[in-house]
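A.B. asks: This is the structure I want to talk about, given as structure tokens.
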Amino acid sequence: MAFFTNALFREDAYLKLGEGQVAAVNERGGIILDRTIFYATSGGQPGDTGFLIRSDGSRIAVAATISGETKDEIIHVPAPEQPMPEPGETLSLAIDWERRLRLMRMHTACHLLTVVCPYPITGASVAEDDSRIDFDIPDSSYAKEDVTERLMELVAANHPVFTRWITDDELAANPGLVKSKNVRPPSGTGRIRLVCIGDDAVVDSQPCGGTHVAATGEVGAIHIGKIEKKGRENRRFRIRFGPLPGN
């Protein structure tokens, strides 16, 4: 039986602390709560780490956060040799905020890259320091200097970043919202979460369940470290924090 976890991060990605009640501890020791601020690995973004804190002050270190049988079942994977809570126990929640914020900045930067390079996405991975997006792109003339310049223009504009929900039918009527070539957003729940950039989503709008900063200016300095050829029409763009070396 799959459990439902109220994913508080979907509405407020800036929650650093929270509280949740233990719904279950599965056969592998994974802890499932009725609600959580911990993001579960999905869409190329790794899950949160941090601590679950019991009423006596003892801590359960969370080494990873993953989805269970459904995206709505979120499992907190404890580090080895941690104490186990009991079902019904209320825990305080604390994510590794510095790590999460870097991932939020980087994930937002990845969205900006899909604006600069409006081609089908064939793969993506978000990391704290070096992320990548693969595009099915026939144009081999992209230069990392030009892409970096356009990315930093979007960052400097400090566009708002926000989420809104649409129905399955609305997504079906607007297939261009989906940028991934091979992966479709989950449907059947009746609604799809969009991440939007710019006033009235004038810069971008696409389905995404990840966490992002509230304005593009929070991304900070980023650059394209490398553009790699991964096939006849497949290009891998690597995004890194900091200014372009040599500038």
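The values are calculated or read from the model by the stated rules, or taken from the named source; none is laboratory data. Because the structure is a prediction, the values reported are computed rather than measured. Cβ sites come from the backbone with ideal geometry, for glycine too, and all protein chains shown count toward neighbours.
A.B. asks: Please go through region 25-84 and pick out each residue that is assigned to a strand (DSSP E or B), surrounded by fewer than 21 Cβ atoms within 10 Å (Cβ to Cβ), among the β-branched types (Val, Ile, Thr) and free of Cβ contacts under 8 Å to residues at least 40 places away in the same chain.
C.D. replies: Selection gives 60, 66.
A.B. asks: Right, another one. Hey, could you check region 111-138 for residues that are out of contact with any Cys (no Cβ under 9 Å at 6 or more places or on another chain) and among the charged types (D, E, K, R) and say which is surrounded by the most Cβ atoms within 10 Å (Cβ to Cβ)?
C.D. replies: The qualifying residue surrounded by the most Cβ atoms within 10 Å (Cβ to Cβ) is 134.
A.B. asks: Search region 129-154 for residues that are more than 21 Å from residue 178 (Cβ to Cβ) and of a type in the set (Lys, Arg) and pair each with any residue that is at pLDDT 95 or above and part of a strand (DSSP E or B) when their beta-carbon atoms are under 6 Å apart and the residues are at least 6 apart or on different chains.
C.D. replies: Every condition considered, the pairs that remain are 144/224.
A.B. asks: Report, by residue number, each residue of region 207-224 that is at pLDDT below 95 and part of a strand (DSSP E or B).
C.D. replies: Residue satisfying the conditions is 207 alone.
A.B. asks: Go through the residues of region 163-186 one by one and say whether even a single one is assigned by TED's automatic domain parsing to the domain that holds residue 149, over 27 Å from residue 66 (Cα atoms) and in contact with an Asp or Glu (Cβ under 8 Å, 6 or more places away or on another chain). I'd like the intermediate steps shown before the answer.
C.D. replies: To start, the set of residues in region 163-186 that are assigned by TED's automatic domain parsing to the domain that holds residue 149 comprises 163-186.
Subset that is over 27 Å from residue 66 (Cα atoms): 169-170, 172-176.
Cutting the leftovers down to in contact with an Asp or Glu (Cβ under 8 Å, 6 or more places away or on another chain) gives us none.
There is no residue in region 163-186 that is assigned by TED's automatic domain parsing to the domain that holds residue 149, over 27 Å from residue 66 (Cα atoms) and in contact with an Asp or Glu (Cβ under 8 Å, 6 or more places away or on another chain).
A.B. asks: Next up: How many residues, within region 203-247, are free of Cβ contacts under 8 Å to residues at least 12 places away in the same chain and of a type in the set (Lys, Arg)?
C.D. replies: 1
A.B. asks: Follow-up. At pLDDT below 95, of a type outside the set (Lys, Arg) and crowded, with 19+ Cβ neighbours inside 10 Å: does that describe residue 20? Even if it seems obvious, please write down each step before you answer.
C.D. replies: Values: at pLDDT below 95: no; of a type outside the set (Lys, Arg): yes; crowded, with 19+ Cβ neighbours inside 10 Å: yes.
The answer is no for residue 20.
A.B. asks: When region 123-155 is examined, which residues are found to be within 17 Å of the chain's Cα centre (by Cα) and either β-branched (Val, Ile, Thr) or not assigned by TED's automatic domain parsing to the domain that holds residue 196 (or both)?
C.D. replies: Hits for region 123-155 are 126, 133.
A.B. asks: Name, by its number, the condition in (1) out of contact with any Asp or Glu (no Cβ under 9 Å at 6 or more places or on another chain); (2) farther than 28 Å from residue 34 by Cα; (3) among the acidic types (Asp, Glu) that does not hold for residue 86.
C.D. replies: For residue 86, the failing item is (2).
A.B. asks: Any residue that is within 13 Å of the chain's Cα centre (by Cα) and either without any contact (Cβ under 8 Å) to a residue 40 or more places away in the chain or assigned to a helix (DSSP H, G or I) (or both) - is there at least one of those in region 111-121? Break it down into steps so the answer makes sense when it comes.
C.D. replies: To start, the set of residues in region 111-121 that are within 13 Å of the chain's Cα centre (by Cα) comprises 111.
With the extra rule that they be either without any contact (Cβ under 8 Å) to a residue 40 or more places away in the chain or assigned to a helix (DSSP H, G or I) (or both), the set shrinks to 111.
Yes.
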